[in-house]
Amino acid sequence: MTVASELSYHASTDGDIAYRDTGTGAPVVLLHSGYVDHRLFEAQTPALVAAGHRVIAVDIRGHGWSANATEPFRWADDLAGLLRHLDAGPAALVGVSMGGAVAGDTAIEYPELVRGIVLSGASVSDFQYTHEATRQIVAESHRTLHSGDIEGWLQVFLRSVAGPFREVADTDPRILDHLREMALHTIAKHTPGERNWHVPMTDTWARVPKIDVPVLTVNGTLDSPDLLADAERYASTARDGRSVLVEGTSHFPNLERPEEFNAIVLDFLRSL
């Protein structure tokens, strides 16, 4: 099944936020990982629409076809503005990596707009890696990106996709090509060393117990051990949380095992 829908744009106070709005029914918002865009969910959108959901796949500010920031902003404020514009709340939020952090922040700051959250490859928004191999990848990513070495950065980015326990060559090349295309599109919107206007939330662990909607964490067994541990902690700290592991995948189970990922998410959505 192919789902076709043109991008739409919400005129925020600091430029347009791009999104793809498809289907009808209970709204589900898809929030992508860093450096990519709404196309991360090409294998999820048709399944969700077929199950009777309105699917809103967002390009987070500074990514894809959304505007870059020119002033301080918070992820949760951007998403809340879009949901209100679309009259789409309360919605289920499904976020991968950075998108999971956006989902969690929004559930904390705007609980009236959220009816459940799925965090995949994600924890709290101020999570910091402690696993040494992963920390080295993150440090190298920052160094190459800030120096303008885009090809070097891209190689590090793809290493992070593979995870700390396997090589890039062990990952399906079609997934790598898909991620590479999206990442290059987003990086082209930026210049080395430009100011990061994002205002992060702090003390998020203290706020997780206040999340009063169901929470599901979905992680690949080959992802960074500290992220897996924090995902378990998140699920146990939230009032109504549970966790699921997807065997043989790393940071993007939605790409590596899309049918299994879709079944897990749809089962969660039916419980809301």
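The criterion of at least 2 residues that are polar (S, T, N, Q) is met by the following helices (runs of 4 or more DSSP H) wholly inside region 128-215: 132-147, 150-162. From the list 11, 43, 69, which one is under 19 Å from the mean Cα position of the chain (by Cα), farther than 27 Å from residue 253 by Cβ and not in a helix (DSSP H, G or I)? So the residue among 11, 43, 69 that is under 19 Å from the mean Cα position of the chain (by Cα), farther than 27 Å from residue 253 by Cβ and not in a helix (DSSP H, G or I) is 69. One residue stands out in region 218-244 among those that are among the acidic types (Asp, Glu) and touching a residue at least 24 places away in the same chain (Cβ under 8 Å): the one that is nearest to residue 96 (Cα to Cα), namely 223. The single condition from (1) open to solvent by less than 60 Å² (accessible area, probe 1.4 Å); (2) under 20 Å from residue 57 (Cα atoms) that residue 160 fails is (2). Within region 216-251, being under 14 Å from residue 268 (Cβ atoms), open to solvent by less than 40 Å² (accessible area, probe 1.4 Å) and in a loop (DSSP other than H, G, I, E, B) holds for one residue alone: 238. Can you tell me which residue is surrounded by the most Cβ atoms within 10 Å (Cβ to Cβ) among those in region 1-55 that are among the polar types (S, T, N, Q) and over 16 Å from residue 263 (Cβ atoms)? Ranking the qualifying residues of region 1-55, first place goes to 33.
Mind checking whether some residue in region 104-122 is of a type in the set (A, V, I, L, M, F, W, C), within 14 Å of the chain's Cα centre (by Cα) and either more than 20 Å from residue 201 (Cβ to Cβ) or open to solvent by 40 Å² or more (accessible area, probe 1.4 Å) (or both)? Within region 104-122, not a single residue is of a type in the set (A, V, I, L, M, F, W, C), within 14 Å of the chain's Cα centre (by Cα) and either more than 20 Å from residue 201 (Cβ to Cβ) or open to solvent by 40 Å² or more (accessible area, probe 1.4 Å) (or both).
The values are calculated or read from the model by the stated rules, or taken from the named source; none is laboratory data. Owing to the predicted nature of the structure, the values given are computational and were not obtained by experimental measurement. Please note: Cβ atoms are built from the backbone with ideal geometry, for glycine as well, and neighbour counts cover all protein chains shown. Please note that ligands, DNA and RNA were not included when accessible areas were found on the heavy atoms of the full protein model with its side chains. Shrake-Rupley method; radii C 1.70, N 1.55, O 1.52, S 1.80 Å.
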